[in-house]
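The values are calculated or read from the model by the stated rules, or taken from the named source; none is laboratory data. What you are looking at is a predicted structure, and each value in this text was computed from that prediction instead of being measured. Positions of Cβ are backbone-derived with ideal geometry, glycine not excepted, and every protein chain shown enters the neighbour counts.
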Amino acid sequence: MRKRTAVLLVVAVLAVAAVLAAVSLRPKDDRVVRLNLAHFFPAAHPVEKQLVQPWIAAVAEATGGQVQITSYPGETLANAAEIYSGVVTGVADIGISCFAYTRGRFPMLEAFELPGITYLSAKVAGKVAWEGINLLDPEEVKDTRLLMVFSTGPGALFSKTPVRSLEDLRGMTIRATGLSAKTLETLGASPVAMAQPEAYEALSRGIVQGNLSPLEVLEGWRHAEVTSYVTITPFLYNTLFFMTMSHKAWARLSPELQEVFSKVTEEYLEEVAYGLWDWQNESALRWAVEEMGMQVIELSPEETERWIELVKPVQDDFVEKMTKIGIDGETVLATIKELADGYNQVYGDN
């Protein structure tokens with residue numbers, strides 16, 4: 001009888017230990033954290049279909065369903081220019097937009113869009129931006145938690161009439177944002193600031209005569225329907241996109257969830273976001289030429305040199321502006337140029 005009682009006691013102890021072990025393996029907090037994400041790209045755009053939705057699914061899977069993110073594309077939660085401030089104020093938990101849509105709000109980050117710095121691909125530009133921001137640690141983005149920064153890479157000029165020289169460009173109204181507007185003004189054009197979702201109608205109605213943008217816009221935003229010529233100008237344009245999160249939303253995640261969330265996000269930045277514009281640019285230009293009859297204009301070497309010479313003072317102006325606000329602009333510019341040279345050698349053909 002005593003032996004049987006002892007056996008039963010051992011079994012009971014083992015059973016309790018097994019239950020306790022199982023409980024200890026469960027997340028300490030199994031509540032679902034629901035987050036919203038605002039961006040301005042159409043629902044059919046590759047940003048939504050190939051980056052946002054797969055990333056959302058991967059986060060959900062990696063966290064065992066504890067982090068559920070709902071995407072609101074097409075400015076349904078906040079318009080493009082207000083997405084960053086919307087994350088700061090809590091309108092959105094996570095936001096994707098362009099730094100350039102709020103000119104003057106991110107003064108140091110304008111360095112990554114300066115004309116005269118060569119980025120041979122979107123992947124190069126994205127790598128330079130992410131590493132550069134982490135090295136330079138700008139105060140202007142510390143009111144949110146940056147999750148990703150990626151880029152369009154080199155852009156081009158789309159227009160209703162051909163632009164083969166500076167004389168063709170001068171006086172032309174061109175949609176542009178951020179530092180690109182200043183660059184165009186230096187070249188003699190008349191820049192008009194507006195977000196990408198507004199540009200199609202502005203072009204179709206003749207409010208502007210052209211757009212300085214990445215080539216993907218020709219197809220992704222259907223701009224090949226309202227313009228006829230594309231002038232290749234890789235020395236004029238580069239725009240940065242951000243994915244950022246409010247500190248309050250980040251704090252809703254346990255340390256364990258934060259670690260998993262960060263790991264998945266880093267993987268999608270590396271494997272998807274960096275190269276997202278490279279294949280889009282190539283595909284869109286081919287579609288615009290073959291399906292829409294768009295004409296491609298390559299500037300002559302002599303004409304290219306004229307344009308580059310005119311935009312050099314924009315870099316000097318940037319350095320001077322940084323000095324006035326207490327930032328070593330020379331160091332910022334040198335850092336970015338050094339990173340660009342390095343990454344062009346590694347990823348320039350991607």
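Quick look at the numbers
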quantity: When residues of the range 95-129 are limited to those that are of a type in the set (G, A, S) and out of contact with any Pro (no Cβ under 9 Å at 6 or more places or on another chain), the one surrounded by the fewest Cβ atoms within 10 Å (Cβ to Cβ); calculated: G104
quantity: Residues (surrounded by fewer than 20 Cβ atoms within 10 Å (Cβ to Cβ) and either touching a Leu at 6+ places or on another chain (Cβ under 8 Å) or in contact (Cβ under 8 Å) with a residue 40 or more places away in the chain (or both)) located in the range 145-173; calculated: R145, L146, K160, T161, P162, R164, S165, L166, R170
quantity: Among the candidates D143, D168, residue that is of a type in the set (D, E), over 14 Å from the mean Cα position of the chain (by Cα) and part of a loop (DSSP other than H, G, I, E, B); calculated: D143
quantity: Per-region count, the range 252-280, residues outside any loop (DSSP other than H, G, I, E, B), closer than 27 Å to L120 by Cα, touching a helix residue (DSSP H, G or I) at 6+ places or on another chain (Cβ under 8 Å) and among the aromatic types (F, W, Y); calculated: 2
quantity: Scope the range 44-70; condition assigned to a loop (DSSP other than H, G, I, E, B), surrounded by 13 or more Cβ atoms within 10 Å (Cβ to Cβ) and either touching a Cys at 6+ places or on another chain (Cβ under 6 Å) or modelled with pLDDT under 95 (or both); matching residues; calculated: H45
quantity: Any chance D137 is surrounded by fewer than 16 Cβ atoms within 10 Å (Cβ to Cβ) and at positive phi; calculated: yes
quantity: Filter pass, A78 being buried (at least 17 other Cβ atoms within 10 Å of the Cβ), of a type in the set (A, V, I, L, M) and touching a residue at least 60 places away in the same chain (Cβ under 8 Å); calculated: no
quantity: Matching residues, the range 234-251, being within 29 Å of T161 (Cα to Cα) and in contact with a helix residue (DSSP H, G or I) (Cβ under 7 Å, 6 or more places away or on another chain); calculated: F235, L236, Y237, N238, T239, L240
quantity: Lone qualifier among G126, G104 - being out of contact with any Phe, Trp or Tyr (no Cβ under 9 Å at 6 or more places or on another chain) and among the small types (G, A, S); calculated: G104
quantity: Which listed residue, of L240, L236, L257, is within 27 Å of D168 (Cβ to Cβ) and in contact with a strand residue (DSSP E or B) (Cβ under 7 Å, 6 or more places away or on another chain); calculated: L236
quantity: The range 271-286, subset modelled with pLDDT of 95 or more and exposed (fewer than 15 other Cβ atoms within 10 Å of the Cβ), residue nearest to the chain's Cα centre (by Cα); calculated: E271
quantity: Residues of the range 313-332 classified as within 17 Å of E113 (Cβ to Cβ) and either under 25 Å from the mean Cα position of the chain (by Cα) or surrounded by 19 or more Cβ atoms within 10 Å (Cβ to Cβ) (or both), total; calculated: 10
quantity: Scope the range 287-302; condition surrounded by 14 or more Cβ atoms within 10 Å (Cβ to Cβ) and modelled with pLDDT of 95 or more; matching residues; calculated: W287, A288, V289, M292, M294, I297
quantity: Only one of A199, A224, A129 that is within 22 Å of M322 (Cβ to Cβ), among the small types (G, A, S) and assigned to a helix (DSSP H, G or I); calculated: A129
quantity: Scope the range 88-138; condition over 17 Å from L236 (Cβ atoms), of a type in the set (V, I, T) and more than 15 Å from the chain's Cα centre (by Cα); matching residues; calculated: V88, T89, V91
quantity: Among residues of the range 294-329, those that are farther than 19 Å from S180 by Cβ and assigned to a strand (DSSP E or B), counted; calculated: 3
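Residue-by-condition table, conditions (1) at pLDDT below 95; (2) more than 23 Å from the chain's Cα centre (by Cα); (3) crowded, with 20+ Cβ neighbours inside 10 Å:
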residue	(1), (2), (3)
T227	no, yes, yes
L236	yes, no, yes
M245	no, no, yes
P255	no, yes, no
Q258	no, no, no
